[in-house]
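Participant: Here's a structure for you.
What follows is calculated from the coordinates using simple rules that are stated; it is not laboratory data. Here the structure is a predicted model, which means the values were calculated and not measured. Cβ placement follows ideal geometry from the backbone for every residue including glycine, while neighbour counts extend to all protein chains displayed.
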Amino acid sequence: MSNRPQDKHLIHFSDMPPDRARAIRSAGGKARQEQIRQRRALAEILSFYADLPIRDGRVRKRLLNLGFDTDDLTQKLLVADAIVRAAQGGNTYAIRLYLDLLGESGCEIAKENNLLDAIKDSTQGDMDTSDLPEVQPAEPG
């Protein structure tokens, strides 16, 4: 276990009675199964909803003018249209989502949370870190 102050009341599974550890694991497993069941139910509802037709006449006309067939005018197309319109408007999240959905995001952006790099970048020039071994570049070889 780590030495964080908030961890001082935690008890590791190996330090508790086996029946108590088993009960906690079982409760966690049951909660996870319920979460999976709810997610599947929501996915089923969304799948049903995605195939419903678009009822708004103005939206139908606009999409037909873009070249879509009448059979394609579903809620799924409406969501795709919303993503494209948001991306065209400059919404960077929508642009990223659009590119990801097309598989054309180009490069993977590292999603690391490197606190040391952030500290070094924010204090660059403000602090002398020459005597801190944690901040020194690794020696080759």
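Participant: Can you tell which of MET16, ILE45, LEU66 lies farthest toward the positive end of the dipole of segment 10-72, using +1 and -1 charges on the Cβ of basic and acidic side chains (Lys, Arg; Asp, Glu)?
Facilitator: Working it through, the farthest residue towards the positive pole turns out to be MET16.
Participant: Next question, about the same structure. List, in order, the whole-Hz ³J(HN,Hα) value for each residue of segment 17-24 obtained from phi through the Karplus relation with A = 6.51, B = -1.76, C = 1.60 and θ = phi - 60°; use x for Gly and Pro.
Facilitator: Values, residue by residue: x, x, 5, 5, 4, 5, 5, 5 Hz.
Participant: Right, here's the next one. How many angstrom lie between the Cα centre of segment 69-87 and the Cα centre of segment 25-47?
Facilitator: 29
Participant: Further question on the same structure: Search the structure for amide H atoms under 5 Å from the amide H of THR74, placed 1.01 Å from N in the peptide plane, and list their residues when 5 or more places away or on another chain.
Facilitator: Result for THR74 returns ILE54.
Participant: To continue, here is another question. How big is the shadow of the Cα convex hull of segment 54-103, averaged over all directions, in nm²?
Facilitator: 3.7
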